[in-house]
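These notes concern the structure reproduced below.
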Amino acid sequence: MSVAGNAAGALAEEIIDTWLNWRWWRSWIVVILLILAGSWVYWAVTLDVGDETQSRTGEANSDTDWRHYSVVAPVDTGINVYHDHFRTDEVYPNWLLESFGVTKTCYITFDGSWEERYQADKEYCWDNITTSDIVYFYGTKIIGTSPDGQTDIHILDDPSDGHGTAVTGAVLDANPDAVIFFVEGFSTEAVLAASNQPLVDIISTSFGAIGSLPVPGIETGTYEAVVGNNKIHTGAADNTPSPAVQDATAGPPWSIGIAGYAEEGDDQKETMSGSYPDIAADWTQVLPNHDDTDGYHETSGTSFATPRTAGILSFILQELREEFNDVGSGASTEREGYLVDGTTSDGESFTIRNSEVRNALNLSAWYPSFTTWDPLSGTTPVSPVAPCTQVGWGVVNMSNIDPMLKHLNGSQTMDSRAGDVVLCMSINQEAREAYWGVYPSAPDQGLVSDRSAIFREE
């Protein structure tokens, strides 16, 4: 190539870089101005997380006339399959297990302490699970896998953690009938293990970069899940007031980014975390322990607001499937990308896509009143000015289920949101699309030398 050619190439590269930088900075200036205009002083909040089986026989279920259902895939540390919270007398039918590609059934012990149960099952169950296995835990609501292999005991929750157990408990508190496809791991590969399951409806992730640092994370996996496979992804914002836009878990425009708010018995509500998310959900919950069989603890964080929302959406899908006689799940090619694919009482086709569910969620969200805030609570109220910069479209809890169902089934349409809210969230969406359109999808190894030190549970 000539000197002139080299100079021209260098000039073109410089022009492109300048354009990308200008677009990036424009988006961030808008976001920062909105946050400053609509936000009060926040207090940073820190997550309080705690820190002969195969020879037994179980009753197979070959029933093809099974109930309507929905599948949620939490991706997290592991899960305490011995806890009563996950027990069920229901037996998953063989066709369902085959559809998930189940390779092993563990008929786990339900007598004695947690340690006694684990020791009784260790030889025949836990010591034989590999990264390629998909395991059905008979007598529970759990099908699990551990594709990363970076664990001492596949699928079972880390003895020193318990995060995944609590996360899954939050899903089932919102929808006790949800089928759980649990994936142990904190990686894109773990997300893809859920994404590649045709029956999975919703993937929930509660981990990401500390302080929402702008580093790549799981966005390629969630993109494939939502855009490629038509699923829903709920992703936790950081537990501090850091903006959610650049967070690889909560920020991508295809993900539902979830912050937290405090919900007390007197209807007092305060914002707790992540600025400019999609929505905020219940911050503090009472959830199952990871190291016993029946104990519970109170814990807080977006980690639990996020799966609670996943459970709410799962319940809505399940109810719509029952109403419109949809006996399947997921949004596979065979279902033409529909999360709900049923018929009306008149025999007319009735379908729902992920985008319609998300729109209904946005319409149903609401802003708590400033007047219910207790100034002695040590928390931050929802600002009357641009509350979208704090809680996005608004807050979501179990009260949102009924209006969402009526809107989606066509019996009672929800009103459009106010123009200022729509404008604020449109700017949010534009910023997310601009940011994630230019941000790299693979980490710069020179920048990210220790991923375990960067990533955190919410």
>> Conditions first: (1) closer than 30 Å to E322 by Cβ; (2) assigned to a loop (DSSP other than H, G, I, E, B); (3) of a type outside the set (A, V, I, L, M, F, W, C). P253 passes all but one, so which condition is the exception?
In response: (1)
>> Quick test of your reading of the structure: A248 fulfils all but one of (1) under 13 Å from the mean Cα position of the chain (by Cα); (2) within 18 Å of D148 (Cα to Cα). Name the failing condition by number.
In response: (2)
> How many of the residues making up segment 200-225 are among the hydrophobic types (A, V, I, L, M, F, W, C), more than 15 Å from T145 (Cα to Cα) and modelled with pLDDT of 95 or more?
Replying inline: 2
> Considering segment 100-137 alone, what residues qualify as being crowded, with 18+ Cβ neighbours inside 10 Å and not hydrophobic (A, V, I, L, M, F, W, C)?
Replying inline: T105, Y107, T109, R117, Y118, D121, D133, Y136
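When you look at A331, is it out of contact with any strand residue (DSSP E or B) (no Cβ under 6 Å at 6 or more places or on another chain), among the small types (G, A, S) and either more than 17 Å from A166 (Cβ to Cβ) or surrounded by fewer than 21 Cβ atoms within 10 Å (Cβ to Cβ) (or both), yes or no?
Numbers: out of contact with any strand residue (DSSP E or B) (no Cβ under 6 Å at 6 or more places or on another chain): yes; among the small types (G, A, S): yes; either more than 17 Å from A166 (Cβ to Cβ) or surrounded by fewer than 21 Cβ atoms within 10 Å (Cβ to Cβ) (or both): yes.
For A331, the condition - out of contact with any strand residue (DSSP E or B) (no Cβ under 6 Å at 6 or more places or on another chain), among the small types (G, A, S) and either more than 17 Å from A166 (Cβ to Cβ) or surrounded by fewer than 21 Cβ atoms within 10 Å (Cβ to Cβ) (or both) - is met.
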>> Just checking, does segment 208-222 include any residue being buried (at least 24 other Cβ atoms within 10 Å of the Cβ) and closer than 15 Å to V171 by Cα?
In response: no
> Which members of segment 185-234 meet the condition of being closer than 20 Å to L313 by Cα and in a helix (DSSP H, G or I)?
Replying inline: V191, A194, S195, T222, Y223, E224, A225, V226, V227, G228
> Name the pairs: first residue in segment 82-99 and under 26 Å from D111 (Cα atoms), second residue assigned to a helix (DSSP H, G or I), Cβ to Cβ under 6 Å, at least 6 apart or on different chains?
Replying inline: Y82/W114; Y82/R117; H85/G169
> In this structure, does S242 turn out to be at negative phi, among the hydroxyl-bearing types (S, T, Y) and surrounded by fewer than 24 Cβ atoms within 10 Å (Cβ to Cβ)?
Replying inline: yes
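Checking the condition closer than 18 Å to I256 by Cβ, in a helix (DSSP H, G or I) and either out of contact with any helix residue (DSSP H, G or I) (no Cβ under 9 Å at 6 or more places or on another chain) or not hydroxyl-bearing (S, T, Y) (or both), which residue from R321, R358 passes? First the steps, then the outcome.
Values: R321 fails: closer than 18 Å to I256 by Cβ.
Only one candidate passes the filter, namely R358.
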>> List pairs: first residue in segment 141-156 and buried (at least 24 other Cβ atoms within 10 Å of the Cβ), second residue polar (S, T, N, Q) anywhere in the structure, Cβ distance under 6 angstrom, at least six positions apart or on different chains.
In response: I155/S146
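Taking G228, is it in contact with a helix residue (DSSP H, G or I) (Cβ under 9 Å, 6 or more places away or on another chain), closer than 23 Å to N175 by Cβ, modelled with pLDDT under 95 and small (G, A, S)?
Numbers: in contact with a helix residue (DSSP H, G or I) (Cβ under 9 Å, 6 or more places away or on another chain): yes; closer than 23 Å to N175 by Cβ: no; modelled with pLDDT under 95: yes; small (G, A, S): yes.
No: the conditions fail for G228.
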>> Quick check on my filter: what residues within segment 363-393 are surrounded by fewer than 18 Cβ atoms within 10 Å (Cβ to Cβ) and of a type outside the set (A, V, I, L, M, F, W, C)?
In response: S369, T371, T372, D374, P375, S377, G378, P384
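Is it true that V396 is under 24 Å from P253 (Cα atoms), modelled with pLDDT under 95 and surrounded by 19 or more Cβ atoms within 10 Å (Cβ to Cβ)? Full working, then the answer.
Working: under 24 Å from P253 (Cα atoms): yes; modelled with pLDDT under 95: no; surrounded by 19 or more Cβ atoms within 10 Å (Cβ to Cβ): yes.
It is false that V396 is under 24 Å from P253 (Cα atoms), modelled with pLDDT under 95 and surrounded by 19 or more Cβ atoms within 10 Å (Cβ to Cβ).
The values are calculated or read from the model by the stated rules, or taken from the named source; none is laboratory data. If you're wondering where the values come from, they're calculated on a predicted model, not measured in any experiment. Cβ: placed from backbone, ideal geometry, glycine included. Neighbour counts: every protein chain shown.
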